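Single-structure report; data block below.
The values are calculated or read from the model by the stated rules, or taken from the named source; none is laboratory data. Note that the structure is a prediction, hence the values are computed from the model and not measured. Reconstructed Cβ throughout: ideal geometry from the backbone, glycine too, with neighbour counts over all protein chains shown.
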Amino acid sequence: MATATTTYEQIFERVIEEGFNRGNFAAWDDCFAPAYAEHQFGLPATLEEFKRAIAGLRTSFPDLKLTIDEMITSGDKVWARMTSRGTHHGPFAGVPPTGKPIEITVMDVVRFENNKIVEHWGVPDRFALLRQIGALPGPR
């Protein structure tokens, strides 16, 4: 739960560590406003649907781990550059499990109101991910 001494960066870190890295999506209930707006292409609009989508991602990549490489707070926004790593052990984007490791860059921006995330913009390098699991051809 956010307190007067909790920073936006601490809340963002909790979202990454608890939800993405550990699969503890209940921890997100204190981090997101009930009606947050999702702006990342392909992600659902509600928090419960978002939890299910990330749970599905963790099924495809059960050892999924995001590492925050750089984070900056500016006003009511946190900007983060992260590295996502995992191993493709479940179906993803129509591709059956390959056992291949993935490593991609993810850029996120979240906006806060009243110590809750109210908007999210995310840019994962999906082309790199798809290439690494064999869904896209490599360079010629």
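For the reader, a short list of remarks on this structure follows.
- Residue that is modelled with the lowest pLDDT, among those in the stretch 1-26 that are of a type in the set (Gly, Ala, Ser) and surrounded by 13 or more Cβ atoms within 10 Å (Cβ to Cβ): Ala2
- If you go through the stretch 90-114 and pick out every residue that is modelled with pLDDT under 95 and surrounded by 13 or more Cβ atoms within 10 Å (Cβ to Cβ), you end up with 0.
- In the set (1) in contact (Cβ under 8 Å) with a residue 40 or more places away in the chain; (2) under 22 Å from Ile133 (Cα atoms), the condition left unmet by Ser60 is number (1).
- Meets criteria (more than 23 Å from Thr6 (Cβ to Cβ) and hydrophobic (A, V, I, L, M, F, W, C)) for Ile72: no
- Taking each residue of the stretch 27-54 that is surrounded by 15 or more Cβ atoms within 10 Å (Cβ to Cβ) and of a type in the set (Asp, Glu) and looking for partners that are outside any helix (DSSP H, G or I) and modelled with pLDDT of 90 or more with beta-carbon atoms closer than 7 Å, six or more apart or interchain, yields Glu38/His120.
- The set of residues from the stretch 12-39 being over 11 Å from the mean Cα position of the chain (by Cα), assigned to a helix (DSSP H, G or I) and closer than 14 Å to Lys116 by Cβ comprises Arg14, Ala27, Trp28, Asp29, Asp30.
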